Amino acid sequence: MIKGKVENIKDKIDGNELDLSLSNLTEVPVKELAAFPKATVLDLSCNNLTTLTPEFFSLTHLIKIDLSKNQLVCLPEEIGQLGNLQHLDLYNNKLKMLPIGFSQLKSLKWLDLKDNPLEPTLAKAAGDCLDEKQCKQCASRVLQHMKVLQEEAEKEQERRLLKERELEKKKEAKQREKEAREREVQKKKKAEEKERKRKEYQAQMAALAAQEQQKKKKEEKKKRAAQNQGKKKASESVPKAKRSICSLFFSLLLKLLLLLIVGVASVIAVCQLTELRKEAFCVPLNTHFEETVRWAQGLEVVQQVLQKMSDLRT
């Protein structure tokens, strides 16, 4: 089929002209046309074309294109790739606007845009195309108009890019501020955590120190208690020792005194009651005994005692 199309297209070539008008085409056979780069004039008029694919504009060898009396509603931006195009007929289509890329057709010398529902500014720039001169003026004015639109579009794009960059900068600045705030929050949290740990550590050290101090106090208290207990025992042992010594001394003294009294009484009894009272060693003893008795009887206390004893006998 492709070969048949190629053969069919080849049959429509006359020199450098390729006539595909009145072929009831709904799309352009781009691949088949690319096989004939010497055909620089292409007639596609009176077909049913509604659009042109971007691949169509790869046919950069074309110098003249007739697309009149089709149903084209728009042209792709890629039209600017046809750098060798000099003659373009778009008469009686449904075009309202031209793409900005149209301004790249630097070789364009002839243009017909009659009977298209063009927007007012473009229609005013295009004017009429009733003769060769007007069609050439149309090409020049439309290219100038499209260049102005391109510049405006570029400025608008630049403004949009500038605005986008400003928005991006603001966004980045906000992001940096947000990150800075987050870093500050994290820093504050770390500082608070560090301070909390420091306080906990100090509290633990203080508790340990208090426990150690309490332990030392208890040990010192126990030590003082032990010392006091030792002193008390020592102080108690000294009086006991003294008391035991004193008791022993008084006991011995009492025994000696008793022995002395018994001895003296025995000697007095012997000197008073036996025949020895007339002996020389008993005479002074008896004398002293009698004087002592008389002295004792003269004492009021002794008299009272003797009286009580007499009373008891009666």
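The values are calculated or read from the model by the stated rules, or taken from the named source; none is laboratory data. Bear in mind the structure is a predicted one, so any value in this text is a computation, not a measurement. No Cβ is skipped: glycine too gets one built from the backbone with ideal geometry, and neighbour counts run over all protein chains shown. For the accessible areas, the whole protein counts, side chains as well, though only heavy atoms, and no ligand, DNA or RNA atoms are used. Shrake-Rupley method; radii C 1.70, N 1.55, O 1.52, S 1.80 Å.
If you go through the range 122-142 and pick out every residue that is in contact with a helix residue (DSSP H, G or I) (Cβ under 7 Å, 6 or more places away or on another chain), loosely packed, with under 13 Cβ neighbours inside 10 Å and farther than 18 Å from His87 by Cα, you end up with 0.
Where strands (runs of 3 or more DSSP E) sit wholly within the range 1-120, those with at least 1 residues that are basic (Lys, Arg) and more than 60 Å from the chain's Cα centre (by Cα) occupy 64-66.
Residues checked against (1) loosely packed, with under 10 Cβ neighbours inside 10 Å; (2) modelled with pLDDT under 90; (3) under 52 Å from the mean Cα position of the chain (by Cα); (4) not in a helix (DSSP H, G or I):
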residue: Tyr201; (1), (2), (3), (4): no, no, yes, no
residue: Ala209; (1), (2), (3), (4): no, no, yes, no
residue: Glu220; (1), (2), (3), (4): no, yes, yes, no
residue: Pro239; (1), (2), (3), (4): no, yes, no, no
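The criterion of being part of a helix (DSSP H, G or I), modelled with pLDDT of 90 or more, over 40 Å from the mean Cα position of the chain (by Cα) and not basic (Lys, Arg) does not hold for Leu130.
Just one of the numbered conditions (1) over 24 Å from Lys64 (Cα atoms); (2) crowded, with 16+ Cβ neighbours inside 10 Å; (3) not aliphatic (A, V, I, L, M) is not true of His145: (1).
Taking Ile65 as meeting all but one of (1) among the β-branched types (Val, Ile, Thr); (2) touching an Asp or Glu at 6+ places or on another chain (Cβ under 6 Å); (3) open to solvent by less than 20 Å² (accessible area, probe 1.4 Å), write down the number of the exception. With respect to (1) among the β-branched types (Val, Ile, Thr); (2) touching an Asp or Glu at 6+ places or on another chain (Cβ under 6 Å); (3) open to solvent by less than 20 Å² (accessible area, probe 1.4 Å), Ile65 is out only on (2). Kindly indicate whether Ser21 is under 30 Å from Glu119 (Cα atoms), open to solvent by 60 Å² or more (accessible area, probe 1.4 Å) and of a type in the set (Gly, Ala, Ser). Considered against the rule, which asks whether it is under 30 Å from Glu119 (Cα atoms), open to solvent by 60 Å² or more (accessible area, probe 1.4 Å) and of a type in the set (Gly, Ala, Ser), Ser21 comes out as no. Remark: pairs (first residue in the range 152-170, of a type outside the set (A, V, I, L, M, F, W, C); second residue in a helix (DSSP H, G or I); Cβ separation under 6 Å; 6+ apart in sequence or on different chains) are absent.
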